[in-house]
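The values are calculated or read from the model by the stated rules, or taken from the named source; none is laboratory data. Given the structure is predicted, the values throughout are model-derived calculations rather than measurements. Note: ideal-geometry Cβ built from the backbone for every residue, glycine included; neighbour counts use all protein chains shown. Please note that ligands, DNA and RNA were not included when accessible areas were found on the heavy atoms of the full protein model with its side chains. Shrake-Rupley method; radii C 1.70, N 1.55, O 1.52, S 1.80 Å.
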Amino acid sequence: MSPTPTPTHRASLAIGDEAAAKRVVDVLTEIFFDGDAAVAAFEQPDGRWDVTLHFADAPDQEFLKGIITETAGPGIADTLVFDSVEAKDWVKASLSDLVPVPAGRFVVHGGHDRDRVPPNKLAIEIEAALAFGTGHHGTTRGCLLLLDHVLKGSRPKRMLDLGTGTGVLAIAAAKALHRAVLASDIDPPSVRVARENAGLNEAGHHVHAIRATGFAAPDFAKWAPFDLVLANILANPLRQLAGPMARHLAPRAHVILSGLLTPQAPAVIAAYRARGLVPVRHLRIEGWSSLLLRKCSL
């Protein structure tokens, strides 16, 4: 006899403004990933947006309400409703509606769209719990577009994906160049997922995923100096890492940064300019900024 399925926990809210709905979804997909929750947003015929999160375990209701209040205001947070529903693979269900996302030479897709990738593109298959890290989030797409731009003019040898998450950026670099990439994350489950995704994409022999905070692990000194660093994290950590990152870069190295809201970009650019890195490109996608910087030669 099979065990009785455990109900999943649901949090839902109604948002009347599309821009506010996108802000809420972006923030939630940053906070909850790697199976913690599945996030979905649907537009109703009257223009209202319904945002729903499904959790395997009961969420911290006060914490979630605080996030919604900070992101969209108390009025929207007051619409938040918690309940439980029958067990279902909400991760799979949420991904089934995600179409392949092109970003330059790359196409990020789920397993259900494996046959829809054009043969002249580099396919990256990612089965994550949410849109963040699957290519559907503006920061991931921005990084991939900037990576594509860099690879049109150079072939970096020593590469780092800092804060790798699902491993999508490390996999993209490894598949494009057929070279080793160091991928790090502070979160052990993310390291495991990155390794699994690298194997799924036949890049496991190129992607070396480790758990590390900042640049503290011995692996960084062994792999440095880096010709290319990709860091899709958040604005505050990016500013704090400007000094350590600059010390691990080769002359004329490229650095791709994302995970920052567009108004946060000037402060991040200033932190890196002070360490000898100058901005080359600035992409703005869905309210998020992705930056390409280059280290000045000495």
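The table for this structure:
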quantity	calculated
Among N197, N236, H149 the positive-end extreme of the charge dipole of the stretch 148-298 (Cβ point charges)	H149
Gained length - N236 relative to T69, 0.36 nm times residue gap less alpha-carbon distance	58.0 nm
Residue with peak Gaussian network fluctuation, the chain [Cα springs, cutoff 10 Å], from P188, P218, P156	P218
Global size of the stretch 202-298 as Cα Rg and Dmax, reported in angstrom	13.5, 39
Lys pairs under 24 Å by Cα in the chain, provided they are eight or more residues apart or on distinct chains	12
Overall form of the stretch 130-271 per C-alpha gyration tensor (a/c, 1.5; a/b vs b/c)	rounded
Sulfur and carbon atoms: percent of accessible area, the chain [1.4 Å]	54
Residue-normalised accessible area of the chain, given per residue in Å² at a 1.4 Å probe	47
Label selected from [x] 6, 27, 34, 22, 9, 1, 0, 0; [y] 7, 31, 39, 21, 3, 0; [z] 6, 25, 31, 22, 11, 5, 0, the criterion being P(r) over Cα pairs in 10 Å bins from 0, in percent as computed here	[x]
Simple spin-label estimate for D50 and A14 in nanometres, 7 Å along Cα-Cβ	1.0
Cα-based Rg / Dmax (Å) for the stretch 192-239	12.5, 34
For the chain, calculated [θ]222 nm from helices alone, where every DSSP H run of n ≥ 4 adds -39500 (n - 2.57)	-9500 deg cm²/dmol
